[in-house]
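K.L.:
Dumping the structure here so I can ask a few things about it.
Each reported figure results from applying straightforward, stated rules to the coordinates on display, with no laboratory input. Since we're looking at a predicted model, the values are computed, not measured. Reconstructed Cβ throughout: ideal geometry from the backbone, glycine too, with neighbour counts over all protein chains shown.
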Amino acid sequence: MEARAIAKYVRIATRKAQQVVDVVRGKQVDEALAILKFTPKAAAPIVYKVIQSAVANAENNHNMDREKLFVTEIFANQGPTMKRFRPRAMGRATTIRKRTSHIGVVLKEK
């Protein structure tokens with residue numbers, strides 16, 4: 001039995017989200033949430049919310065015990081990139097890439 005949650009089209013670069021995701025992979029749920037609460041990265045609150053959503057799914061939809069849950073899979077995949085343009089010297093323009101991510105969590109009971 002497993003519980004999942006996915007946040008799609010989150011406006012943060014995938015490589016920044018992966019740094020945070022790697023810290024909590026394989027941890028017990030309460031420990032992972034405690035780590036994320038004090039992690040000073042922009043992706044930490046987003047990953048925190050996704051894990052909380054997965055915990056709520058586990059408790060409500062699958063009748064799992066919160067104390068036994070741990071993070072089996074967690075990933076930050078690349079989403080679509082929004083392209084914007086910025087004016088530069090001599091009438092030229094440069095592309096600015098605003099990257100998005102899909103952050104997903106899978107929880108299982110021990």
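K.L.:
Any idea what the relative contact order of the stretch 2-109 is, in percent, if you count C-alpha pairs under 8 Å spaced at least 6 apart?
P.N.:
The normalised contact order for the stretch 2-109 reaches 42 percent.
K.L.:
Separate question: Could you compute the net charge surrounding Ala3? Neighbours are other residues with a C-beta less than 10 Å from the C-beta of Ala3; K and R count +1, D and E count -1.
P.N.:
-1
K.L.:
Follow-up. How far, in degrees from 0 to 90, does helix 14-24 lean away from the longest principal axis of the Cα atoms of the chain, to the nearest 10?
P.N.:
On a 0 to 90 degree scale, this one is about 20.
K.L.:
So what is the 222 nm mean residue ellipticity for the chain from helices alone, if each DSSP H run of at least 4 adds -39500 (n - 2.57) and you divide by all residues, rounding to the nearest 500 deg cm²/dmol?
P.N.:
Values: 3 runs with 38 residues, N = 110.
Using -39500 (n - 2.57) per qualifying helix, the result is -11000 deg cm²/dmol.
K.L.:
Excluding Ala17 itself, calculate the net charge of residues whose Cβ lies under 12 Å from the Cβ of Ala17, where each Lys or Arg counts +1 and each Asp or Glu counts -1.
P.N.:
Once all neighbours under 12 Å are counted, the net charge is +4.
K.L.:
Related question: Given the Cα-Cα distance of Asn61 and Lys16 and 0.36 nm per residue of separation, how much length would full extension add, in nm?
P.N.:
13.1 nm
K.L.:
Count the net charge of all other residues whose Cβ sits under 13 Å from the Cβ of Lys41, scoring Lys and Arg as +1 and Asp and Glu as -1.
P.N.:
The answer is +2.
K.L.:
Rounded to the nearest 5, what % of the DSSP beta bridges within the chain are antiparallel ones?
P.N.:
That works out to approximately 100 percent antiparallel.
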